[in-house]
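Please treat every number below as a calculation from the coordinates, not as lab data. Here the structure is a predicted model, which is why all the values come from computation and not from measurement. Here Cβ is always computed from backbone atoms with ideal geometry, including for glycine, and neighbour counts include all displayed protein chains.
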Amino acid sequence: MNMRVYVNKNLLLIIGFGCLMGVPLFIDAPYVIHVFIMIFFFGMVSVAWNILGGLAGQYSLGHASFMAIGAYVSSMLVIQLDITPWIGMWISGLFAGVVASCFLYPCFILRGPYFSLATIAFGETLRNLFTSWDAVGKAQGILLPIYQDAWYYMQFSSKLPYYYIGLALLVLIYVVFIYLDQSKLGYAFKSLREDEDAANAIGINTARYKLAATFISVTLTAVAGAFYAQYVRYVEPDLMLVQYSVEIILPAIVGGVGTAFGPIIGSFILTPLSEYLRVAMGSKVAGAHLIVYALILMGIIRFSPSGIVGWLGGKNIFRTAIMKKLGGR
Amino acid sequence: MLQVDQVSKEFRGLRALNNVSFGIEAGKITGLIGPNGAGKTTLFNVISGVFRPTTGKVIFHNQDVTLLQPYERCSLGMARTFQIMKPLPYMSVIDNVIAGCMFGRYNCSSLASSRAKTLEILEFTALMHRKDVLAKELGTADKKRLELARALGTNPSLLLLDEVMSGLNNTESDECVQLIRKINQNGITVLLIEHVMKVVVNLCKKIIVLHHGEKIAEGEADEVMNNELVIEVYLGKEEEHAQA
Amino acid sequence: MSRIFIQVVINGILVGGFYALMGMGLNVVFGVMKIVNFCQGELLMIGMYVTYVLHVYLGLDPYMSIPIVAAILFVLGGLIQRGLITPLLGGANDQNLLFMTVGLMMLMQNGALVAFKSDYRTIQTAYSLQNLNVFGQIISLPKLISFVVLLLVTFALYTLLMKTDIGRKIRATAQNPLGAKLVSINIKTIYVVAYGLSAALAGVAGALLLPFYFVYPMVGSTFTLRAFVVVVMGGLGSIKGAFFGGIVLGLLETLGAFFIGPQFKDSVVFVTFLIILLVRQKLVLSRS
């Protein structure tokens, strides 16, 4: 029975991927393509967050700032040093990974909500720093100029290339997650998530593995940030607000923290909702979608029996429903 | 192979351990007993590295490990179970033990080699039939077995067992005793905290008695069981006992 | 030169007073319920908006409206505690509580955004811009008044906790909830009172802040962060610690801004936070 579910799940994934590849052939409304790109974006950052959050059990509320670092650094590499974003995104990713690891390392002795607090502090500090820093444009941020060479500068007049790049990055980050999940590193992460003291007792250097999880998670988040910068072409310090970190986490919470696919499902559910609200309410009621997100978050915590870690074992309602359909348990 | 040297532990003015010293012989099963609150688990925590002693040293395999983290002691061969059990709840039984194998002294680098070792251990501890069950769904006896199995996964030379019999019925207790004997016969030194006297006397060559954080007796089972002070500490003074 | 230095020091103390107030509020909640209240800054923001509305629509002087603001925030805090937080207490996962308060923070911030837009608003009163000349130092009058009020409030809080019946009950619940229950203290009521009290403190800080600062939806986040650093500095749950910690943080911040540069104010705060973490590990470590 296990084999059957395994084959079926992978089959579903491949079919799903095939469909996504083909979507632009049938739909050419730019706004719909935009929504898909945003779905991919939030999916990828949420999966990246989940490496530190769901897999290693350290819930960071500062990921918006890591995403923004990626966006800022890759943009500046383009503007100041003329480095193509295809390379720049990886440089900015690693840079963010290193910086975050250094500053969060002392905070690894903190557990649970205290660690989250430290990440909030980091994000807020960074945001205030960038808001008053000339070199990064202060509160105005950075506007990426328009270049002629579309491919070198990853700037396209059509949304299609962004669609496929976004999809590719999403698949890449997803694959990294799956690989980690089954690897020795993954076992270390999961053990320290489940019980830090027990993990320590069986030989796991918890600080070192928290560092590894942080580094990988932040690097991938920042790469996604670079992609964001290329697509939106505007970066500002307010991207680092805590509420955007919540926006990154919510797909994982809704879809299943600790599962590989959960954040992606969550993104498919939440992103169209928030895009709709953005369009329907317009700039008249800015922040409306965040109110909805806040209510969803509070609702899940208040009414779901195990709150946000409810689906840690990988048995979320979607998976159980799908498995039932496939004739499983 | 384990030497506890004048260990004291203070918590903000409360002296939980006071100048405790003893040695553990390799290859034997030693018992650590004492009334509730005597400081037994605190002593375990100092030995395994969860706490640093206020004064004193812990020497393991002739190495001063007093300042080492628990995971470092694990790689030297020290493993422990916890009084309040700590399974990795949302991971399956087999994953729990695989984790032990990967990071302990077998140092398995691949999933495959860990699995192989793990299956051996699951066989040994009679957990094979529950290998894919999530740890949080196990019954008490199986959870205890899991704690043992996971500790064994780290390939220890010294196994610290903290009240591993608590919550077990008679049959389960007997099975546990058999298991501990088997483990010891495989060459692993055991130091166990226990309240069930029958078990302690049955299993242990040497017994150490703790009371109010101090060692009040140490020696062979008979000696210790007939020691006046030990009897007094457990059963109260003769007059009081008569009145009760 | 030294004149300016003294000026900086005085400013630091005055600003520190606000951080102290926020820190004390946070500690009341932490001490009693062991939870990390992430929307403390937003309660201050709501206090500021309430003061603003009272002033603009009812012509109420901000200092006169302090009792009203305190009462409104007390009720709001109580409702939040009763409806959202108490049901979660006793659950295995602290993370849920933190996220609940983060959700509240988002709700409040964006609610304010929808209600008041993102404009920076402030009020003008007769004395908003007045300065006092104290021993040759120029001190802004509203800042001085707020510091005096802060001292009064701290004294009142201390008296409440130490000398009154309800204060004793709060301290009992903080030290040992089970024991408190056993002596028939209704701890659920105490929780509501504690959170309400903490919200009221934030509200008062808001009312004091408005005359010389401006309110906008995000104004709370700076204060929340600093409140946490204060709490870590002064000791989790210690009111006295929060008081002194707040003053010290205010000083560090203004001195840091003076010597290094104003844009590094927050970096000073964060680095302080990291240093304290490293030095006082045991205090924030939560080993079960």
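Some notes on this structure:
- Per residue, the convex hull around the alpha carbon atoms of segment A:236-297 comes to 85 Å³.
- Within the straight-line cut-off of under 22 Å between alpha carbons, the lysines reachable from B:K9 are B:K40, B:K57, B:K215, C:K282, sequence neighbours fewer than 8 places apart in one chain being disregarded.
- From the C-alpha gyration tensor of segment A:57-189, square roots of 5λ in Å: 29, 22, 11
- Hits among aspartates and glutamates - C-alpha to C-alpha of B:K86 under 16 Å, sequence gap 8 or more where chains match: A:E194, A:D195, A:E196, A:D197, B:D95, B:E137, B:D142, B:E147, B:D162, B:E163
- Share of pairwise Cα separations in chain B, more than 32 Å, in percent: 21 percent
- Expressed to the nearest 5 percent, the antiparallel share of DSSP beta bridges inside the protein assembly as shown is 65 percent.
- Only helices enter this figure: runs of n ≥ 4 DSSP H residues, each worth -39500 (n - 2.57), summed and divided by the residues of chain A, yield -23500 deg cm²/dmol at 222 nm to the nearest 500.
- Rounded FRET efficiency, nearest 0.05, which uses the C-beta distance separating A:D28 from C:N133 and R0 of 56 Å: 0.20
- Relative contact order (%) - criterion: Cα under 8 Å, at least six apart; region: segment A:101-190: 9 percent
- Computed E for C:D119/C:F259 - FRET, C-beta separation, R0 51 angstrom, nearest 0.05: 0.90
- Computed from label points 7 Å out along Cα-Cβ, the spacing between B:I231 and C:N186 is 5.6 nm.
- Size of electric dipole in the protein assembly as shown: Cβ of Lys, Arg +1 and of Asp, Glu -1, about Cα centre, debye, nearest 20: 840 debye
- Measuring nothing but alpha carbons in segment B:15-120 and taking Rh as the Kirkwood radius, the Rg to Rh ratio lands at 1.01.
- By definition, a body whose alpha carbon gyration tensor gives a ≥ b ≥ c is oblate when a/c is 1.5 or more and a/b is not larger than b/c, and segment C:109-175 fits this oblate description.
- Projected area averaged over orientations for chain C, convex hull of C-alpha atoms, nm²: 15.9 nm²
- Principal-axis tilt of helix B:93-103 within chain B, Cα atoms, nearest 10 degrees: 80 degrees
- Relative contact order (percent, whole number), segment A:175-272, Cα cutoff 8 Å, 6+ residue spacing: 14 percent
- D (Stokes-Einstein, µm²/s), Kirkwood Cα radius, chain A, 0.890 mPa s at 25 °C: 121 µm²/s
- Relative contact order (%) - criterion: Cα under 8 Å, at least six apart; region: chain A: 31 percent
- Both radii were evaluated on the Cα set of segment B:88-155; the Rg over Rh quotient, with Rh as the Kirkwood radius, amounts to 0.93.
- Using just its DSSP H runs of length 4 or more, each adding -39500 (n - 2.57), chain B gives a mean residue ellipticity at 222 nm of -11500 deg cm²/dmol after division by all residues.
- For the protein assembly as shown, convex hull of alpha carbons as volume per residue, Å³: 198 Å³
- At R0 = 56 Å, FRET efficiency that the Cβ-Cβ distance of A:L11 and C:L58 yields, to 0.05: 0.25
- Listed by chain and number, the aspartates and glutamates whose alpha-carbon sits under 18 Å from that of A:K159, ignoring those within fewer than 8 places in the same chain, are A:D28, A:D149, A:E275.
- Amide N proximity, segment C:63-81 versus C:A156 label position 7 Å along Cα-to-Cβ, cut-off under 20 Å: C:63-79
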